[in-house]
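Just below is one structure, and these are the notes that go with it.
The values are calculated or read from the model by the stated rules, or taken from the named source; none is laboratory data. Since this is a predicted model, take the numbers as computed values, not measurements. Don't worry about glycine lacking a Cβ; one is built from the backbone with ideal geometry, like all the others, and counts go over all protein chains shown. The area values use the complete protein model at the heavy-atom level, side chains included, leaving out ligands, DNA and RNA. Shrake-Rupley method; radii C 1.70, N 1.55, O 1.52, S 1.80 Å.
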Amino acid sequence: MRGIKTIRSLIFFIIICTLPISACSKSSQADVVNDGLVINAISFGLGGEPNKTLVTYNFNIWNKTRNTVLIRSIEPVLSDALQQRLIDNEMINEVNRTINGSASEIFTGSFELNTQGLDKQAIEKLNIKLDKFRIITEQELRLETH
């Protein structure tokens, strides 16, 4: 009987000690997950001339924070093989637009790839994917008091 009370006391002690730790970690994880910029839709198209393929894109950025964020520039992240085909090696799109807190904005851009000597099937085999962007932002932060 005394052993059962000791075990119960030990379990209760462990629960009491770990509750504050788990509450802190859950709260900080929730803040990270619930705050920030999120791309929630991307579309792109291919066109151009026989030797150059123009890749145009647009995507929606949702600002999940309460703060206004200034988007300075956006840049698609491409594979090394596609980067070697870039004409002008320039993909950075200077936008300098703000997204208010809890709002979204659509951003567009384009770049050209050297596809000289490639037919439509060969261009498709390049596996052009736009699913990741490098976003340069600027925002003002204030001291948060609880």
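Structure values in brief
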item: Sparse-neighbour loop sites [GluC sites (Glu not before Pro); the range 87-146; at most 10 other C-beta within 10 Å; DSSP]; result: E90, E140, E144
item: Loop-located trypsin sites (Lys or Arg not before Pro) in the range 46-79, at most 10 other Cβ atoms within 10 Å (DSSP); result: R66
item: Under 15 Å, Cβ to Cβ, from K125 - net charge with Lys/Arg +1 and Asp/Glu -1; result: +1
item: Pairwise FRET efficiency - Q116 versus W62, Cβ, R0 = 35 Å, nearest 0.05; result: 0.35
item: Amide hydrogen neighbours beyond the local backbone of A103, cut-off 5 Å, H modeled; result: N63
item: Backbone HN-Hα couplings from phi across the range 83-88 [Karplus 6.51/-1.76/1.60, Hz, Gly and Pro as x]; result: 4, 5, 8, 4, 8, 6
item: Sequence of L143, L126 from largest to smallest accessible area, 1.4 Å probe; result: L143, L126
item: The range 57-132: Rg to Rh, with Rh as the Kirkwood radius over Cα pairs; result: 1.08
item: Computed accessible area, D119, all protein chains, 1.4 angstrom probe, square angstrom; result: 80
item: Probe 1.4 Å, all protein chains present, accessible-area order of T68, T53, largest first; result: T68, T53
